[in-house]
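Below is one structure, written out as C-alpha cells; comments come after it.
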Amino acid sequence: MQEKRIAIKIGSNVLAAKEGGLDLDRIKQLVSQISTLHKKGFEIILISSGAVAAGRSQITDDKLDAVSARQLFSAIGQAKLINHYYDFFKEQGIICGQVLTTKESLGTRSHYLNQRNCMEVMLQHGVVPIVNENDTISVTELMFTDNDELSGMVATMMDASRLIILSNIDGIYDGNPSEPTSSVIREVFPGKRDLSAYIQTSKSSFGRGGMQTKTNIASKVADEGLEVIIANGKKDDILLKLLTSHDEVICTRFLPSEEPATSVKKWIAHSEGFAKGEIHIDAKAAEALMDEETASSVLMVGVTEIIGNFEKDDIVKIFDVNNHQLGVGKTQYASEDAKKLIGKKGKKPIVHYDYMYLF
C-alpha cells in the first residue's frame, strides 16, 4: 500500500450545475485542490462522473431509449468534461490523461493488470489519470453499478491508501439528512459495517447510484485494508482539509481492516459481477470455509451442485446449502469437468483459498 497514493471519486451531483450542464467553478476549485496535493507529493487518481450530465444539456430527444440516450450524452459530454479538466490542470502546470474503461475490460486478470500498468506509467510520469466508465459502448448488463463501484475497483487495483468519495452531502446520517435531529456517522469500524437501517434508498439526481451503493463499496474496500471517506464535494477546500490540515471535517470515515487483502484477492473481491457460474457446497464444507482460524479451499468432496457454464480461471460464486452466498473465487476447472467430479475425494480444489474472497 502506498501511503501518498489517493483515489478520489467525484460524483455527478458535485459537478452538475443546477441549471444543467457542468459547474465549471466547482470543477476548477477541485482541480486546484488536487493540484496542491499533487505538488505536495500525493499521487492522485481521479474517478470522475459528469459526462452524461454534460452531454444531456446539449441535445434533447425524447424518442431515444435509455441506453441510446446514455451513449449519445456520454459521447458528447465526455469530450467536454475531459477538455475542461485538461485546461484547468494545464493552468496549474500539471498534465492529466483520460482513462476510459468498461466492466468487461476488467473481467480477466490479464486485462486488469494491463489497466493497472497503464495508470502506473501515468503516475510515474507525474500525470493525473482521470478515469470514467466508457458509457458509449457499455450496455445495461455490462455496466458498473455506478462510478462508486468503479472507484472501489480502481482504488484497490492501484494499491491506494485511501478512497475519497465526494458527494453532495456530508456523509452517512443516522436519520433523514433533512431533519435537524439527524447527524453524520463519523466512523464506521471493521465488523460493524451494516448501516442499512440509516440509508436512504433514493438515488442521485444525475448519476446511477445512491448512498446505499456508496456504503456497500466503502465497506468492501475498507475490509480490504483501505480507509474510505465519504464527504461533501460542494464544500470549499474539502480535499485539503481532509488530507493536509488539522481542521475537523464533518464526514464519514470507514476505518480499514488491519489485515489487508492481497492484490489477487482484491481483484477477485471486485469481480463478482463477472461471475460465470455457481458452486454449491454442503454444510460441512461451508463451516470449514468460514472458519477464521483455518485457510480452507473449496474441495470437490464438499460440492453438491454446479450451475452455469464456465471455463477454467473464470470467476464463480460460492453458495451454502441455504443458498446463501459465501463468497466468490477463481475456478480451477471448467464446469463440464467439474460436474464429473462432484463429491469425489482426493481431487484438487475447485476454488483455492489464495484465489477466493469470502464475504
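The values are calculated or read from the model by the stated rules, or taken from the named source; none is laboratory data. Owing to the predicted nature of the structure, the values given are computational and were not obtained by experimental measurement. Note: ideal-geometry Cβ built from the backbone for every residue, glycine included; neighbour counts use all protein chains shown. Just the protein is used for accessible areas: all its heavy atoms, side chains included, with ligands, DNA and RNA removed. Shrake-Rupley method; radii C 1.70, N 1.55, O 1.52, S 1.80 Å.
Taken as Cα centroids, the stretch 328-359 and the stretch 141-191 sit 34 Å apart, rounded to the nearest whole angstrom. Working from Cα pairs under 8 Å separated by at least six residues, relative contact order for the chain is 15 percent. Remark: accessible surface ordering of 5, 162 (largest first) is 162, 5, probe radius 1.4 Å. Within the shell of other residues whose beta carbon sits under 15 angstrom from the beta carbon of residue 191, the net charge comes to -4, with Lys and Arg scored +1 and Asp and Glu -1.
Subtracting the Cα-Cα distance of residue 4 and residue 354 from their residue separation scaled by 0.36 nm leaves 123.2 nm.
Estimated at the nearest 10 Å², the accessible area of residue 146 is 10 Å² with a 1.4 Å probe. Computed on the stretch 5-158, with alpha-carbon pairs under 8 angstrom and 6+ residues apart, the relative contact order is 27 percent. The charge dipole of the chain, taken about its Cα centre with unit charges on the Cβ atoms of Lys, Arg (+1), Asp and Glu (-1) only, comes to about 560 debye. Annotation: per residue accessible area for the chain equals 47 Å², rounded to a whole number [probe 1.4 Å, protein chains only]. Counting only heavy atoms of the protein chains and using a 1.4 Å probe, residue 179 has close to 90 Å² of accessible surface. For the stretch 1-110, the alpha carbon convex hull comes to 121 Å³ per residue, rounded to a whole number.
From helices alone, the chain scores -10000 deg cm²/dmol at 222 nm; the rule is -39500 (n - 2.57) for each run of n ≥ 4 DSSP H residues, then divide by the residue total. Per-residue SASA remark: residue 312, around 110 Å² accessible (1.4 Å probe; ligands, DNA and RNA not included). In this simple spin-label approximation, residue 245 and residue 79 carry label points 7 Å from Cα along the Cα→Cβ vector, and these lie 3.9 nm apart. Where the centre of each part is set by its Cα atoms, how far does the stretch 244-311 sit from the stretch 1-71, in angstrom? With the stretch 244-311 and the stretch 1-71 each reduced to a Cα centre, they are spaced 31 Å.
Expressed to the nearest 5 percent, the antiparallel share of DSSP beta bridges inside the stretch 203-326 is 70 percent. In a fully extended conformation the segment linking residue 284 and residue 187 would gain 31.3 nm over its present Cα-Cα distance, using 0.36 nm per residue. Within the accessible surface of the chain, defined with a 1.4 Å probe on protein heavy atoms only, the carbon and sulfur portion equals 48 percent. Computing Rg and the Kirkwood Rh from the Cα coordinates of the chain gives a ratio, Rg/Rh, of 0.99. Distance between the pseudo-spin-label points of residue 136 and residue 17 (7 Å out from Cα toward the beta carbon): 2.4 nm. Along the positive direction of the dipole of the chain (beta-carbon charges: Lys, Arg +1; Asp, Glu -1; about the Cα centre), which of 152, 325, 98 reaches farthest? Farthest towards the positive pole: 98.
Close amide-amide hydrogen proximity is noted between residue 188 and 253, 254, 255, each under 5 Å apart and 5 or more residues distant or on a separate chain (H modeled in the peptide plane; Pro and chain starts excluded).
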